[in-house]
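These notes are about the structure you will find just below.
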Amino acid sequence: METVRAEVAPAGGARDLSTLPGPRRLPFLGNILEIRPTQFHLTLEEWSRKYGDLYAFWMGRTPVVVVSNLELVQRVLRERPKEFRRWSPLQEIVEEIGFDGVFSAEGDQWTRQRRLVMSAFTAAQLRESHGTVATITRRLRERWRAAAARGEPVDARRDLARYTVDVTSAVAFGMDINLIERGADPLSRQLETIFAAVNRRIFAPFPYWRHVKLPADRALDQALSAVRQRMLDLLRTARAELDRDPARAAAPRSLLEAMLVARDAEDPKARLSDQEVLGNVLTVLLAGEDTTADTMAWMLHFMALRPDVQARMRAEADAELGDADLPGTPEHAQRLRYIGAVSHETLRLRSAAPLLFIEACADTVLGPLRLGAGARMILLTRQVGLKDESFHDASSFLPERWLTPRPSSAGKHDPRAALAFGSGPRVCPGRALSLIESAMVGAMVARDLDVSLVDPAQPVKELLGFTMKPEGLMVRFTARRR
């Protein structure tokens with residue numbers, strides 16, 4: 001089929017989505033037999049290269065518009081949540097399992113919760129909690145130093161998931177869970193079970209679990225029950241602290257305390273329900289674990305493939321840190337320009353969120369396309385940044401493209417096409433914390449360890465669950481030769 005490139009503005013009247021190109025579909029089934037959930041993003045990106053920036057495929061009898069045109073994607077993200085929202089079936093699935101915080105909220109409910117969640121990630125709050133982040137980073141360093149001394153391979157993604165849960169819990173909830181030193185913990189397995197179940201239900205042809213429970217659904221129920229109980233214990237502890245020191249209500253020390261204060265607020269517009277408090281606790285915990293852990297795991301993958309990148313990161317860390325082992329403040333971490341560039345390039349090439357599920361709130365026109373209320377779309381946010389029209393030599397790992405001033409040879413560079421954290425009003429609230437975590441871990445590894453792949457001949461694959469993670473990434477650390 002002929003490739004059709006989308007124009008930003010409609011020419012001579014908007015088209016119906018039935019006129020879009022796309023893969024041939026089967027009656028009743030559509031293209032569902034061609035979809036493997038764990039490779040879904042790769043299939044959509046491949047179709048995008050074949051059919052263009054604007055095409056359609058069918059999930060059963062439901063058409064889905066796929067968008068990878070930068071201007072159109074930016075317009076959708078800018079107009080959320082007024083004109084566009086998350087898929088309503090996805091919202092139902094998320095709310096059904098109790099994950100109904102700011103992630104799934106829409107409209108006024110989202111506006112109210114967003115303002116509160118953002119309070120946990122202000123510059124002042126991140127500065128206040130930076131010492132705790134440094135302590136947790138040192139724990140990870142000791143774990144990896146010990147593995148290096150024993151010559152053992154490391155499942156870096158697993159360790160980084162524990163690291164991010166520890167950091168998120170400390171920053172947002174004021175709790176030191178310390179999964180790094182405690183090792184295996186039911187919480188890690190329970191979170192993985194929840195992520196896998198959400199992803200599986202997104203692609204289910206109908207909500208069978210409302211009628212019959214398979215073993216995987218029973219495992220989900222058990223995991224949710226255990227995680228909820230753990231989060232309720234956390235809520236009770238925080239409530240007891242507020243009761244012992246009522247003055248803290250005027251200046252909450254964590255997101256959790258702020259949410260509990262909001263739950264008791266006299267103003268109905270500010271008040272949170274118990275379910276909203278619990279939902280946001282789960283939201284921040286789940287969102288803070290996978291996305292950042294996956295990004296840092298991919299960063300280690302690129303470091304292992306590129307010794308020259310490791311060497312440049314090390315030189316910067318040595319020069320910038322001096323006698324210190326880690327950056328002492330968030331501002332200090334941000335001065336690690338090259339390490340930050342490595343993080344940004346990793347996010348561009350291996351975004352943990354390579355696509356977004358969006359639907360139209362009302363009848364609208366998107367570029368050349370006429371959409372009815374409820375029309376479903378998928379935004380290929382990673383694909384936008386993989387195009388040479390957005391970045392010079394877009395398929396290559398070139399951290400220096402993010403340096404300021406950029407090298408004269410850097411070529412085309414459109415930072416609007418880097419959408420790992422989204423854009424517009426619903427940009428990820430944890431963006432600043434995620435970048436600080438990446439800078440801290442990147443500096444720690446560069447300063448103290450060499451990283452290599454256990455088996456360079458074994459490809460590391462992209463696996464889409466609730467986020468996109470590396471499958472088969474095993475690394476080996478060795479102590480740095482000084």
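Things to note:
Here's the yes/no breakdown for (1) crowded, with 16+ Cβ neighbours inside 10 Å; (2) free of Cβ contacts under 8 Å to residues at least 12 places away in the same chain; (3) touching a Gly at 6+ places or on another chain (Cβ under 8 Å); (4) more than 29 Å from VAL117 (Cα to Cα):
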| position | (1), (2), (3), (4) |
| --- | --- |
| LEU286 | yes, no, no, no |
| ASP294 | yes, no, no, no |
| MET299 | yes, no, yes, no |
| PRO307 | no, yes, no, yes |
| GLN310 | yes, no, no, yes |
| ALA315 | no, yes, no, yes |
| ASP318 | no, no, no, yes |
| ASP323 | no, yes, no, yes |
| GLN334 | no, no, yes, no |
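- Those helices (runs of 4 or more DSSP H) of the stretch 144-232 in which 3 or more residues are aliphatic (A, V, I, L, M) and either modelled with pLDDT under 90 or under 22 Å from PHE121 (Cβ atoms) (or both) occupy 156-173, 186-202.
- For the stretch 234-259, the set of residues classified as buried (at least 19 other Cβ atoms within 10 Å of the Cβ) and not in a helix (DSSP H, G or I) consists of PRO252, SER254, listed by residue number.
- Counting only strands (runs of 3 or more DSSP E) that sit wholly inside the stretch 374-470, those with at least 3 residues that are more than 26 Å from LEU44 (Cβ to Cβ) are 449-453.
- Scanning the stretch 298-311 for residues that are within 25 Å of HIS130 (Cα to Cα) and not hydrophobic (A, V, I, L, M, F, W, C) yields one hit, GLN310.
- Checking each residue in the stretch 60-85 for being in a strand (DSSP E or B) and more than 12 Å from GLY22 (Cβ to Cβ) picks out THR62, VAL67, PHE84, ARG85.
- Taken over the stretch 96-123, the criterion of being at pLDDT below 80, part of a helix (DSSP H, G or I) and not hydrophobic (A, V, I, L, M, F, W, C) is satisfied by GLY107, ASP108, GLN109, THR111, ARG112, GLN113, ARG114, ARG115, SER119.
- Candidate set from the stretch 317-358 (those that are in a helix (DSSP H, G or I) and charged (D, E, K, R)); member that is nearest to GLY131 (Cα to Cα): GLU331
- Yes/no for ALA223 being farther than 27 Å from GLY60 by Cβ, without any contact (Cβ under 8 Å) to a residue 40 or more places away in the chain, within 25 Å of the chain's Cα centre (by Cα) and assigned by TED's automatic domain parsing to the domain that holds ALA287: yes
The values are calculated or read from the model by the stated rules, or taken from the named source; none is laboratory data. Computed from a prediction, not measured in an experiment: that's the story for all the values here. Neighbour counts are summed over all protein chains in view; Cβ atoms, including those assigned to glycine, are modelled from backbone coordinates with ideal geometry.
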